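All remarks here apply to the structure that follows.
Derivation of every value follows stated rules applied to the coordinates shown; laboratory data play no part. These numbers come from a predicted model, not from an experiment. Don't worry about glycine lacking a Cβ; one is built from the backbone with ideal geometry, like all the others, and counts go over all protein chains shown.
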Amino acid sequence: MRLLQVNIRGLLLYSVILVLISIPVSLFSIQAILAEEVDESIARQAGQFITHIKGFEYLDDLETDLKVLDKLSTNIHIRPSDMKIVDKDYQTISMYDSIENEQRPFRQMSSNVIVKGKAYVLTVQMSLVDNNDLVMAIGLVQITVSVLLVGGLLFLNRSLSKRIWKPFYKTLDQLKAYELDKSESIAIEKSNIIEFNDLNKTISHLTERNRKVFLNQKEFIENASHEIQTPLAIFQSKLDTLMQSPHLTKIEADAIMELESTAQRMARLNKNLLLLSKIDNDQFLLKELVDVAGIIKSQIDSVAPMAALENTKITAELNTLTLDANKTLIEVLISNLLHNAIRYGAREETIRVRLTDKRLSISNIGTETKMNIEQMTQRFSKESTNLNSSGLGLAIVKKICDSCGYQLAYSFSNSTHIFSVNF
């Protein structure tokens, strides 16, 4: 069965509009037909009455009989008249009904009649109450049927949509739950709708191809990182051996020290890239109760020698905070923020670390930067010419915050840089 590209809602709206238009049109049509029937019935009564009167023209007291008939009859009136009216003049009038004590609608026909050489006006009337009641009853029936029809169309639309779109929403739910590093190919459920089958096949092919690319990339990064570590270790080992030589000149020693610094920077860069890759691949899934204040104290002790070189003090105002998180990621996050504050802060100033109920802030004095938080957290983005900076510290912090659902914020005021993390 091929899914027809029909806007069901539009069709339903079109049907409702047609129904709403058809109700007054049909009521007016029925009312017109009934009015025509009433007119024909009045005309027949008038014709029969005239024929009956013509049969009694030989009576001498016919005029008296006509006067009596005019008074006794409620629907037929015949009165002498010198006025000429249009033959068969039809009108709808309203007359008082003494029995019902209210005005009632009547259909009336007036016509000229000649009886025994005298002009009379014959008026025949017929009540329209029954006809109006009939029209109202038909209208109520039509409205009821229309409501049932619209309700049925809505129910049918909902049922058909639910049944027709079921394969689509099932595939959509699978896509929402799909994870490259955890899931296999999306299970395809065959449908009777050709378009959905084509969609499912395309999605299955696309996800499988992306999964293979992801796994290949992950394997390449891991292998490349591992392979780089070995020559870097050998390189550093050789440099250490050369540095211990007693016959080095000052120029050679300076060159070796520069190579040592470069090797260390390459090692840090390799380590940071590998860490970013692991975060991207969700390899830090193990969670535990983490004492954030304890980790901050430990990291402050770790960076104390680096801060001492810059004559920088670190003060901490820590409240108790326990998170259900990966301990390694929290350590890396705090360590990178502290290193960033020391590296880009002014010398001989104080770095302030503050931990409240759900917020960590680290502030340091420094010159204003031209970059915003988005630029700062991009990989290899930096204003400083500091060779010890890889440009990945804040990128790692941002990646950790994004993967853990934390919010990273930055502000600058009164020559103070403030980085904060809302847990």
Total charge dipole magnitude, the range 216-277, about the Cα centre, Cβ charges on Lys, Arg, Asp, Glu only, Debye to nearest 20: 140
Principal axis dimensions, the range 131-237 - Cα atoms, whole angstrom, descending: 111, 28, 15
Cβ-based charge dipole, the range 195-276, positive-most Cα from PRO246, ASN210, SER261: ASN210
Fewest-first ranking of THR207, THR123, THR416, using other Cβ atoms within 10 Å as the exposure measure: THR416, THR207, THR123
Most mobile listed residue (PHE155, PHE106, PHE220) in the chain, GNM with C-alpha springs under 10 Å: PHE106
For the chain, built as a Gaussian network whose Cα springs stay under 10 Å, the top-fluctuating residue of GLN229, GLN375, GLN244: GLN244
Paramagnetic reach from GLU37 (point 7 Å along Cα→Cβ, amide N under 18 Å) across the range 129-146: 129-142
Compactness relative to 2.2 N^0.38 Å, alpha carbon Rg of the chain: 2.23
Separation of alpha-carbon centers, the range 94-154 and the range 31-47, rounded to whole Å: 11
Partners for LYS166 among lysines (Cα-Cα distance below 22 Å; same-chain residues under 8 apart left out): LYS176, LYS190, LYS201
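For LYS170 and TYR410, what is the calculated FRET efficiency with R₀ set at 51 Å and r taken between the beta-carbons, to the nearest 0.05? Could the numbers behind the result be given before it?
Numbers: r = 43 Å, r/R0 = 0.84.
Rounded to the nearest 0.05, the efficiency is 0.75.
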Farthest positive-ward along the chain dipole, Cα basis, beta-carbon charges - from TYR96, MET126, SER26: SER26
Rough spin-label spacing in nm, given labels placed 7 Å along Cα→Cβ, for LEU134 and GLN48: 1.7
Cβ-based exposure ranking for LYS238, LYS170, LYS370, in which fewest neighbours within 10 Å come first: LYS370, LYS238, LYS170
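Note down the magnitude of the dipole of the chain about its Cα centre, charges +1 on Lys and Arg C-beta and -1 on Asp and Glu C-beta and zero elsewhere, to the nearest 20 debye. Intermediate results must be reported in sequence, preceding the final value.
Working: 47 positive and 50 negative charges, 276 e Å.
In debye, rounded to 20, the chain gives about 1320.
Pull out a ≥ b ≥ c, the square roots of the eigenvalues of the alpha-carbon gyration tensor of the range 191-325, then state rounded if a/c is under 1.5, prolate if not and a/b is larger than b/c, and oblate in the remaining case.
Values: a/c = 4.31, a/b = 1.55, b/c = 2.78.
It is oblate, given that a/c is not under 1.5 and a/b is not larger than b/c.
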Share, in percent, of DSSP beta bridges within the chain that are antiparallel, nearest 5: 90
Net lengthening on full extension, LEU215/LEU269 (0.36 nm per residue, minus Cα-Cα): 17.2 nm
Over the chain: helical MRE at 222 nm, DSSP H runs n ≥ 4 each giving -39500 (n - 2.57), nearest 500: -20000 deg cm²/dmol
Likely footprinting exposure, SER191, SER413, fewest C-beta neighbours within 10 Å first: SER413, SER191
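Pull out the extension gain between ASP301 and SER204, defined as 0.36 nm times the separation in residues minus the alpha carbon to alpha carbon distance; nm, one decimal.
Details: separation 97, 0.36 × 97 = 34.92 nm, distance 5.13 nm.
Stretched fully, the ASP301-SER204 segment lengthens by 29.8 nm.
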Top of PRO24, PRO231, PRO80 by mean-square fluctuation, Gaussian network on the chain, Cα under 10 Å: PRO80
Residue-span extension gain [GLN91 to ASN75] - 0.36 nm each, minus C-alpha spacing: 4.3 nm
